Amino acid sequence: MADITTSQDTAPRSVNATTEAVRQSLARRNRKQIVLQGFGIAAIGFAVLMLGILITSIVSSGYHAFTQTHVEVEVYIDPEEVPVDRLPRGGFDDLLETAMGQYFPDADMSDRAARRAISSILSNGAQFELRDRIVADPSIIGTTITLNVPVSDPYDQLNKGLVDRDTLERNRRVDDAAIARFDRLDELGLISKPLNTGLVTNADSRFPELAGLKGALVGSFWALLTCFVISFPLGIGAAIYLEEFAPRNRVSDFIEVNINNLAAVPSVVFGLLALAVFINWFGLPRSAPFVGGLTLALMTMPTIIIATRAALKAVPPSIREAALGVGASKHQVVFGHVLPLAMPGILTGTIIGLAQALGETAPLLLIGMNAFITSAPSGPFDSATALPTQIFIWADSPERGFVSRTSAAILVLLAFLITMNAIAIFLRNRFERRW
Amino acid sequence: MTGFAFLILIIAAIAGYVLNRQAATAIRNGGARMHSLSFFHGMFALLVVAVPVLVLLLVWLVLQGAVIDRLTMAGLPEGTLEGLDTGAVQLILAEIKSISGGRVFGTPEEWKIAAAERHVWLHQAAAILMVITVLVLSAVLILFSRRTVAAGFRARHGVERIVSGLMIFCSLVAIFTTVGIIAALVFETAKFFSMVSISEFLFGLNWEPQIPIREDQIAAEGAFGAVPVFLGTIVIASVALLVAVPTGLLTAIYLNEFAPKRFRTVVKPILEILAGVPTVVYGFFAILVVAPALRSFGQSVGLDVAPNTALAAGGVMGIMLIPFISSFADDALSAVPQSLRDGALALGATRAETMLNVLFPAAIPGIVGGVLLAVSRAIGETMIVVMAAGLIARMTINPLDSVTAVTVQIVTLLIGDTAFDNPKTLAAFALGMVLFLVTLVINVFALRIVRKYREIYD
């Protein structure tokens with residue numbers, strides 16, 4: 001546009017020349033617009049692509065952990081090895097070694113190393129399962145029972161095709177002899193790959209094939225319950241006061257600034273607060289889901305307050321005026337009319353806040369919810385882990401089998417988050433009123 | 001016993017409600033004009049009983065454990081704890097507790113068994129005392145509230161006053177939290193600075209908190225110079241912002257001005273998913289996919305990329321921040337008055353020119369606010385860096401190298417050993433203090449910009 005005015009100053013041009021100049025610059029300007037749009041689409045494409053890679057990589061490594069290779073072994077329970085009067089002690093591992101030996105008639109079972117190599121196919125948990133079955137029913141001593149137990153991690157990887165048989169033997173975690181043994185069991189039809197129920201029914205373990213999420217799920221449940229019980233009433237109370245009752249003065253301004261800032265304080269700082277105040281000063285137990293829930297409640301409260309205030313604001317003044325008009329007090333208006341109408345919005349905000357709390361990791365690490373605990377907690381004051389901290393522990397573990405376990409745990413966590421958000425969206429769509 | 005105490009509380013509150021309501025109804029049926037509805041007389045009793053008893057119970061439960069532990073340790077024979085540091089004392093306490101819980105390992109000394117028995121006895125006594133106290137207090141409060149019922153008694157005002165008080169308390173929790181954070185950080189940091197000088201911490205170039213073995217080595221070696229740690233955070237946060245700011249802004253520009261409506265309805269939820277993924281998942285993504293990919297790419301072009309390069313942690317953090325920045329920028333662009341847009345278009349500007357020359361400059365304050373909040377998120381982000389960044393502090397700004405970050409150090413220093421009397425643990429609080437102050441300043445500044453800007457156009 002600028003060149004039109006300058007050209008008029010120098011010499012009068014024909015109309016055609018001006019049109020031509022405009023047309024040319026227009027083409028250039030349109031090209032610029034297309035370039036900008038291209039950049040925009042590229043940026044969105046990048047974000048979507050990254051989300052795609054993230055989900056694909058986690059699903060592709062995680063789905064392996066939803067099945068678990070099992071082996072079926074016939075075990076003769078030798079009364080010599082397991083005398084009734086010494087239960088629950090006994091030579092359970094020897095029983096298993098002998099039992100495995102029957103499938104390898106060529107092996108020299110007097111050689112310790114050979115026996116060890118053969119029984120290494122079984123998970124370390126096999127002897128405990130055998131022990132538990134015998135203790136539960138000592139009359140099976142002297143008979144032969146069928147045991148269906150997980151195989152140990154390297155063989156599990158082999159069966160799932162995660163160990164490449166074509167690589168050099170010294171670069172593989174399973175040597176040729178081990179592969180041969182495994183294939184023999186497979187030919188005998190003893191190998192199966194059922195759904196891995198242990199993933200949710202077992203607690204944590206050092207052995208990937210035995211490790212499960214039960215402890216983490218129960219721990220997260222208690223932590224979230226504590227978080228909800230504390231942050232929901234406190235958040236709603238604070239929001240109602242600030243939105244409906246508080247006089248506009250410095251104190252309420254200060255509280256408001258405070259809440260907005262708390263929402264942006266790094267989560268690890270809340271962990272420091274919990275460690276110093278709850279654990280060191282108040283002497284509450286470490287690693288307890290209750291302390292975790294308390295910390296998460298402080299972090300969730302600003303979210304709930306902000307959501308509740310928005311929901312209260314959305315209730316039209318006519319409702320309040322009508323109620324006031326028929327003689328209700330301010331409290332009766334708020335608790336009898338405004339709050340029930342705002343409830344769907346409040347619940348939506350609360351569920352979204354709880355979903356955030358469920359994925360929060362850093363503060364839980366600082367209060368020690370990353371401990372190695374092999375049983376599920378029986379209450380909110382027992383030591384426990386939570387889902388995200390369990391993911392962190394497994395991600396740190398060197399065994400190969402934990403890579404897929406970690407991804408599977410992430411998928412479980414994401415499933416919970418998606419469910420919670422879906423409930424929130426459902427509530428919003430089903431009950432929210434537009435005025 | 002705790003459950004029993006809560007049961008008493010609930011029953012007492014309901015009993016108070018029923019008693020007062022019936023009494024009030026009886027007076028009304030007798031023909032008197034009541035100031036308040038019977039319901040409020042009942043509610044008054046309920047609140048008068050429930051609130052003090054609940055407060056008593058909670059305070060009791062919070063303090064009980066610590067008080068009993070202290071009584072147990074005070075009851076030990078003279079001189080058993082002499083010359084022991086806090087760690088050893090806590091170990092003894094833990095052993096006594098596990099004995100009293102029935103888990104005995106080996107053969108503990110006589111005095112430990114005695115202490116364990118005392119511990120069990122104290123717990124039982126405390127539980128019984130708690131129930132008795134709750135019972136007595138409930139009974140007293142029920143009687144008190146029952147005596148208030150009268151035609152002229154303003155029960156509704158009483159109820160409303162109590163409810164208002166409760167709501168004010170709820171609002172104050174936010175302030176208590178801030179005070180708690182500041183108190184915790186200030187106390188522990190002060191302890192730290194009594195061991196290591198402030199200038200050493202803020203300007204020292206050597207960070208080796210795990211090294212000190214003898215106590216006199218700590219200050220002498222200057223192992224608590226936090227500059228390399230701060231530098232690491234700056235490097236990682238810069239990488240993150242280099243990824244997130246351009247991508248986020250372009251995303252917002254396209255979605256705000258050019259995207260067809262249906263495209264918007266598809267892309268917005270996808271961005272929300274990206275924002276909702278927990279950070280521990282991003283951290284695992286960084287070590288599972290991004291870091292190996294960067295490393296093999298580096299090898300193919302002849303660059304030496306560290307296995308836990310700042311590029312991986314920063315890049316993944318950048319991906320996490322994209323939706324954060326784009327939503328702030330989108331809001332800021334939408335807040336620009338329609339008249340500005342119409343004016344530019346009417347003058348013959350293309351939509352790209354309208355966006356770049358009119359809308360974007362007008363939205364700059366809001367966008368800057370959003371970017372600042374993203375900076376504070378990047379500095380305070382923990383899980384991605386804990387999992388994907390290094391542990392050793394190096395003075396380098398090369399993003400291909402492994403660097404550490406403030407949050408990484410806080411977490412690694414506090415995992416495991418947490419005796420509150422050595423500089424290693426306390427250093428984490430000093431770092432936390434710096435983190436809190438820096439993010440606080442950025443947040444206050446950013447929130448002020450965002451708010452001010454909204455007011456201008458509203």
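The values are calculated or read from the model by the stated rules, or taken from the named source; none is laboratory data. These numbers come from a predicted model, not from an experiment. Cβ atoms come from the backbone with ideal geometry, glycine included; neighbour counts cover every protein chain shown. The accessibility values were calculated without ligands, DNA or RNA, using every heavy atom of the protein model including side chains. Shrake-Rupley method; radii C 1.70, N 1.55, O 1.52, S 1.80 Å.
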Item checked: Euclidean distance between Cα centres, region A:44-89 to region B:93-160, Å -> 45
Notebook entry, point to check: For the pair B:A26 and B:L135, what calculated FRET efficiency results from E = 1/(1 + (r/R0)^6), where r is the Cβ-Cβ distance and R0 = 30 Å, to the nearest 0.05?
Noted result: 0.65
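How high is the FRET efficiency between B:L345 and A:A310 when r is their beta carbon distance and R₀ equals 30 Å, given to the nearest 0.05?
Efficiency at R0 = 30 Å is approximately 0.35.
Tell me which trypsin sites (Lys or Arg not before Pro) from region B:27-128 have a DSSP coil assignment and no more than 10 other beta carbons within 10 Å of their own. Intermediate results must be reported in sequence, preceding the final value.
Numbers: sites: B:R28, B:R33, B:R70, B:K97, B:R103, B:K112, B:R118; in loops: B:R33, B:R103.
Loop-located and lightly packed - B:R33, B:R103.
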Next item on the list: Whenever you get a sec, compute what percent of the accessible area on region A:312-376 sits on carbon and sulfur atoms (1.4 Å probe).
Entry: 65
Next item on the list: Using the heavy atoms of the protein chains and a 1.4 angstrom probe, tell me the accessible area per residue for chain A in square angstrom.
Entry: 47
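Translational diffusion coefficient, Stokes-Einstein: compute it for region A:272-427 using the Kirkwood radius over C-alpha pairs as Rh, at 20 °C and 1.002 mPa s, and state it as an integer in µm² s⁻¹.
Approximately 118 µm²/s, per Stokes-Einstein.
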Item checked: Label-zone membership for region A:52-93, site A:I145, 7 angstrom Cα→C-beta point, backbone N under 18 Å -> A:71-93
Next item on the list: Treat each spin label as a single point 7 Å out from the Cα along the C-beta direction, and report the A:S329 to A:N16 distance in nm.
Entry: 8.9
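Kindly flag which residue pairs out of B:K97/B:K191; A:K313/B:K261; B:K424/B:K452; B:K268/B:K452; A:K330/B:K261 have an alpha-carbon separation exceeding 32 Å in this structure. Display every interim value, and only then the final one.
Details: B:K97/B:K191 29 Å; A:K313/B:K261 28 Å; B:K424/B:K452 42 Å; B:K268/B:K452 26 Å; A:K330/B:K261 43 Å.
Check vs 32 Å cut-off fails for B:K424/B:K452; A:K330/B:K261.
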Notebook entry, point to check: Can you give me the Cα centroid spacing of region B:297-339 and region A:124-156 in angstrom?
Noted result: 52
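Please sort A:423-433, A:21-31 by packing, taking for each peptide the average over its residues of neighbouring beta carbons within 10 angstrom, highest first. All intermediate terms of the calculation are to be shown ahead of the outcome.
Details: A:423-433: 13.6, A:21-31: 12.1.
The most tightly packed comes first, giving A:423-433, A:21-31.
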Next item on the list: Would you please state which residues of region A:58-100 a label at A:A107 would reach in this model, taking the label point 7 Å out along Cα→Cβ and a backbone N cut-off of under 17 Å?
Entry: A:70-76, A:92-100
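Suppose we take every Cα in region B:2-145 and form the convex hull; what volume per residue is that in Å³? It would help to have the intermediate numbers written out before the result.
Details: hull volume 16.3 nm³, N = 144.
So the per-residue Cα hull volume is 113 Å³.
Near B:I162, within a Cβ-to-Cβ distance under 14 Å, what is the net charge of the other residues, with Lys and Arg +1 and Asp and Glu -1?
Details: positive: B:R154, B:R156, B:R161; negative: B:E160.
With Lys, Arg at +1 and Asp, Glu at -1, the net is +2.
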Item checked: Separation in nanometres of the label points that stand 7 Å from Cα toward Cβ, at B:A74 and A:F431 -> 5.0
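With the full set of protein chains in place, find how many percent of the accessible area of region B:25-136 is carbon and sulfur; take the probe as 1.4 Å. If you can, show how the numbers build up before the last one.
Numbers: 4360 of 6580 Å².
So the carbon and sulfur contribution to the accessible surface is 66 percent.
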Notebook entry, point to check: Do you know which residues of region B:265-308 lose at least 40 square angstrom of accessible area in the protein assembly compared with their chain on its own, with a 1.4 angstrom probe?
Noted result: B:I270, B:L274, B:P278, B:V280, B:V281, B:F284, B:F285, B:L288
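For region A:90-213, what is the charge dipole size about the Cα centre, in debye to the nearest 20, if Lys and Arg each add +1 at the Cβ and Asp and Glu each add -1 at the Cβ? The partial results should precede the final answer.
On the way: 14 positive and 21 negative charges, 37 e Å.
So the dipole magnitude of region A:90-213 works out to roughly 180 debye.
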Margin query: Along each principal axis of its Cα atoms, how long is region A:226-301 end to end? Whole angstroms, biggest number first, please.
Written below: 41, 22, 20
Next item on the list: Would you please report the Å³ per residue occupied by the convex hull of the alpha carbon atoms in chain A?
Entry: 311
Next item on the list: With a 1.4 Å probe and every protein chain left in place, tell me how much accessible area B:H35 has, in Å² to the nearest 10.
Entry: 80
Notebook entry, point to check: What does the protein assembly as shown give for Rg and for Dmax, in Å, if only its C-alpha atoms count?
Noted result: 33.1, 118
Next item on the list: Between B:L84 and A:R173, with labels modelled 7 Å along Cα→Cβ, what's the label distance in nm to one decimal, could you check?
Entry: 4.2
Note to self: Out of the trypsin sites (Lys or Arg not before Pro) in region A:201-299, which ones are loop residues according to DSSP with at most 13 other C-beta atoms within 10 Å?
What the structure shows: A:R206, A:R248
Checklist line | Cβ crowding within 10 Å averaged over residues, with A:164-171, A:137-144, B:179-186, A:367-374 ranked highest first | finding: A:367-374, B:179-186, A:137-144, A:164-171
Notebook entry, point to check: Assuming R0 = 51 Å, what is the FRET efficiency of B:L400 and B:E110, from their Cβ-Cβ distance, to the nearest 0.05?
Noted result: 0.25
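Which value, in square angstrom to the nearest 100, describes the accessible area buried between chains A and B on both sides, using a 1.4 angstrom probe?
On the way: alone 23830 and 24930 Å², together 42200 Å².
By this definition, chains A and B bury close to 6600 Å².
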